[in-house]
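The structure's right below; bear with me while I get my questions together.
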Amino acid sequence: MTFRKPHTVQKPAQETSRGTDIPRILRLFTPYRGPLLVITLFVVLSSLVSVASAFLLREILDTALPQGRVGLLSLLALGMIAVAVVTNVFTVLQTYLSTRVGQRIMHDLRTSVYAHMQRMSLAFFTRTRTGEVQSRIANDIGGMQSTVTSTANQLVSNLTTVTATLVAMIALDWRLTLVSLVMLPLFVLISKQVGGQRKKITTERQKHLARMSSTVEESLSVSGILLGRTMGRSTSLTEAFAAQSEKLADLEIRADTSGRWRISNIQLVMSTIPAILYWVAGFASAHGSPLVSIGTLVAFTSLQGNLFRPLMMLLSTGVDLQTSTALFRRIFEYLDLRPDVVEPADPVALPEVRGEVRLDHVGFAYTPDRKALDDVTVTVPAGGSLAVVGHTGSGKTTLGYLIPRLYDATSGTVTIDGVDVRDLSAETLAAAVGVVSQETYLFHASIADNLRFAKPDATDAELERAARAARIHDHIMSLPDGYATLVGERGYRFSGGEKQRLAIARTLLRDPPVLVLDEATSALDNTTERELQHALDALSRGRTTITIAHRLSTIRDADQIIVLGHGRVIDQGTHADLVTAGGPYAALAGRSPDLAPAP
Ligand SMILES: Nc1ncnc2c1ncn2[C@@H]1O[C@H](COP(=O)(O)OP(=O)(O)OP(=O)(O)O)[C@@H](O)[C@H]1O
């Protein structure tokens, strides 16, 4: 059985529930109601205070200056300074708070996506391209930073400023206000269009970014480099990457610049409004019917200038919001994936696991049209051993997957001590069933840390005992830092046999009553084979052992052997019985003495 890296089909999302994302995005903010309320308060206060300075300006121009009232002038000037100071303080406080809220929301999202991914079955990861998940967690959540940290804040801030400014403008002169706002509906329409356009480009950009992360992840990994070099594809891989990167640059440019002309035309029209206002007021005054005082006109245009910035920001916040819903959608897509191996609502406790494993009329299919296992029935008594043999592709790995419930049987049941594995909690099952796969995965950490992954509270003495039993202790001690030696990424500094013995030590630490063991297919030299056999003997002693067997020694000593052919049990019994019977097992054993999978 090879717990091999499976196919990489690029289709991660299934069964997503679509719908409007905005209420869902807003719900992410609800745990932070308190801080958000304080932010809103700061924002409203600072907007109101900033509008006040226009009225102070009008008083300076219309009263204090013409009447030469120095005292009043000083007070008004001081008032304007105070306004600036207060708005500044509020701005700092609100930025601080909103950054905190935004980062908390991103943290919540990252954590819930990670936790949800941990619940997904192996099937999901076999379908998903490497790098895709990382990209959603890093690039998509990272990309929403500005939205979650500043959107709420900007929305409130600009809305209040716009409202307060508008009220003040109307209070100063409603006719000039009308002149200023006549183009507004058109502006809103234009920015909505730009937002929609950028959202589409952003969706495409994030997809492309994920593809690029996957390419890097695949081709710059140890296996990727090995393949690239030995196939002489390094240059063409670089060229392919360059093409992807160029496309990304192009998408980034489009995401940033699409609709720029339309937005800049809005800005242009907005900035010509003061000139129009001066012209209208001057025209009316030249014809003998002055509309407003000079003070009002200057105060009005200063307010109008104030209106311009927040209004533009409000429009661009709208664009940003639309754009970032594309990112939220990609995250929600993942959160909506339904795990296909579901934890039982009411798990059965197994305080004392004896370790009887039974497969009862078990069938399994990866795809609806083809059965990988078909009506397999076998019982392994507690403490007994079963060897599973068969040609490559006959379903041995799949059978091994069903016992630790990496997949659920499509039909029939898998039980441990008579309890359906679907009724056991993931924790109970992991404690009951240990798996040693052919491809040992080691983290980039010290040997001790890798061993302690199996049992975090294991003492140094326990580590040593396990390593000795697995016949790897002496090798570890010969390394420069002993147990503190760092294991290379994916354990590449160890040979296959050494890695497997490390995996055996790791499983010994967990001490599971049931063991699923994937024997190495690669030919081992005599000494290594002997060492490994000793380690395996230590491991399987006193446990129910199900071995996907490739070596005659394992098979001969097994209490029971099953031969799989196209997912069905085609021969079953002990070595002696099966050889005598002269059926498929005898044929298999006769053809290939070490029982390596036939081509
Ligand atoms: N993730 C998957 N999706 C679809 N089909 C799969 C998947 N994994 C395995 N299969 C198919 O299921 C069948 C059984 O595969 P399995 O890996 O169990 O065979 P095996 O006996 O362990 O082979 P080997 O000795 O080569 O490891 C094969 O036809 C294989 O192509």
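None of the figures in this text is laboratory data; all of them are computed from the coordinates on show. Because the structure is predicted, anything quoted here is derived from the model rather than measured. All Cβ positions, even for glycine, are placed from backbone atoms using ideal geometry, and neighbour counts span all protein chains on display.
I'd like the trypsin sites (Lys or Arg not before Pro) in segment 328-406 restricted to DSSP loop residues with at most 16 other Cβ atoms within 10 Å, sorted by number.
On the way: sites: Arg329, Arg330, Arg354, Arg358, Arg370, Lys371, Lys396, Arg405; in loops: Arg354, Lys371, Arg405.
Listed in order of number, the matching sites are Arg354.
Relative contact order for the chain using alpha-carbon pairs under 8 Å, separation at least 6, rounded to a whole percent?
Once divided by the residue count of the chain, the mean separation gives 16 percent.
Hey, with R₀ at 22 Å, roughly what FRET efficiency would Ser285 and Val179 work out to, going by the Cβ-Cβ distance, to 0.05?
That pair, Ser285 with Val179, gives E of 0.90.
Loop by DSSP (not H, G, I, E, B), at most 16 other beta-carbon atoms within 10 Å: where is the longest site-free stretch of the chain for chymotrypsin sites (Phe, Trp or Tyr not before Pro)?
Numbers: sites that count: Tyr366, Tyr441, Phe443, Phe453, Tyr492.
With a cap of 16 other Cβ atoms within 10 Å, the longest stretch comes to 1-365.
Shifting gears a bit: Output needed: percent of Cα pairs per 5 Å distance bin for segment 447-583, bins running from 0 to the one holding the longest distance.
2, 9, 18, 20, 17, 13, 9, 5, 4, 2, 0
How long is the chain along each principal axis, judged by its Cα atoms, biggest number first, in Å?
123, 50, 49
In nm, to one decimal, how far is the Tyr441 label point from the Trp261 one, both placed 7 Å along Cα→Cβ?
Once both label points are built, they end up 5.2 nm from each other.
Report the dimensions of segment 191-307 along its three principal axes from the alpha-carbon atoms, largest first, rounded to Å.
That gives 90, 21, 18 Å along the principal axes, largest extent first.
Based on the Kirkwood radius over alpha-carbon pairs, what value in µm²/s does the Stokes-Einstein equation return for the translational diffusion coefficient of segment 308-442 at 4 °C and 1.567 mPa s?
71 µm²/s
Principal axis lengths of segment 427-511 from Cα atoms, whole Å, largest first?
37, 27, 20
What are the equivalent ellipsoid semi-axes of segment 292-364, built from the alpha-carbon gyration tensor (square roots of five times its eigenvalues), in whole angstrom, biggest first?
After scaling each eigenvalue by five and taking roots: 69, 15, 7 Å.
Determine, from the Cβ-Cβ distance of Ser411 and Val86 and an R0 of 51 Å, the FRET efficiency 1/(1 + (r/R0)^6), rounded to the nearest 0.05.
Between Ser411 and Val86 the formula returns 0.10.
Right, here's the next one. Consider all pairwise Cα distances in segment 235-366 and report the whole-number % of them above 18 Å. If you can, show how the numbers build up before the last one.
Values: 6817 of 8646 pairs.
Of all Cα-Cα distances in segment 235-366, 79 percent exceed 18 Å.
Here is a further query. Determine, for each peptide in 421-431, 76-86, the mean count of other beta carbons within 10 angstrom over its residues, then list the peptides with the highest first.
Ranking, from highest mean packing down: 421-431, 76-86.
Another question, then. Compute the long axis of helix 294-335 from its Cα atoms, compare it with the longest principal axis of the Cα atoms of the chain, and write down the angle in degrees, 0 to 90, nearest 10.
That works out to roughly 10 degrees.
Hand me the tally of lysine pairs in the chain: alpha carbons under 14 angstrom apart, and the pair either on different chains or 8 or more positions apart.
Close lysine pairs found across the chain: 5.
Once you have the Kirkwood Rh of segment 342-412 from its Cα pairs, apply Stokes-Einstein at 20 °C and 1.002 mPa s and quote D in µm²/s.
Answer from the Stokes-Einstein relation: 158 µm²/s.
Same structure, new question: Give me the net charge of Phe187's neighbourhood, meaning all other residues with Cβ under 14 Å from the Cβ of Phe187; Lys, Arg count +1, Asp, Glu -1.
For residues surrounding Phe187, the net value is +3.
Another question, then. Full-extension gain between Ala77 and Leu479, please, as 0.36 nm times their residue separation minus the C-alpha to C-alpha distance.
Full extension from Ala77 to Leu479 adds 137.1 nm.
With r as the distance between the Cβ atoms of Asp21 and Ala349 and R0 = 30 Å, compute the FRET efficiency 1/(1 + (r/R0)^6) and round to 0.05.
The calculated FRET efficiency here is 0.15.
At Thr377 and Ile276, where each label point lies 7 Å from the Cα along Cα→Cβ, what is the point-to-point distance in nanometres?
Taking the simple label geometry, Thr377 and Ile276 are separated by 8.7 nm.
Give, in whole angstrom and from largest to smallest, the semi-axes √(5λ) of the equivalent ellipsoid of segment 48-133, with λ running over the eigenvalues of the Cα gyration tensor. Don't skip to the end; give the middle numbers.
Numbers: eigenvalues 716, 24, 10 Å².
Over the Cα atoms of segment 48-133, the semi-axes work out to 60, 11, 7 Å.
State the extension gain, in nm to one decimal, for the chain segment bounded by Thr392 and Ile570, taking 0.36 nm per residue of separation less the distance between their alpha-carbons.
So the extension gain works out to 62.6 nm.
Give the separation of the Cα centroids, segment 127-143 to segment 354-381, in Å.
Distance between centres, Cα-based: 34 Å.
What distance in nm lies between label points placed 7 Å from Cα along the C-beta direction at Gln103 and Ser293?
5.0 nm
Given the -39500 (n - 2.57) contribution per DSSP H run of 4+ residues, what per-residue ellipticity at 222 nm results for the chain, rounded to the nearest 500 deg cm²/dmol?
Working: 22 runs with 349 residues, N = 599.
Calculated at 222 nm, the ellipticity per residue is -19500 deg cm²/dmol.
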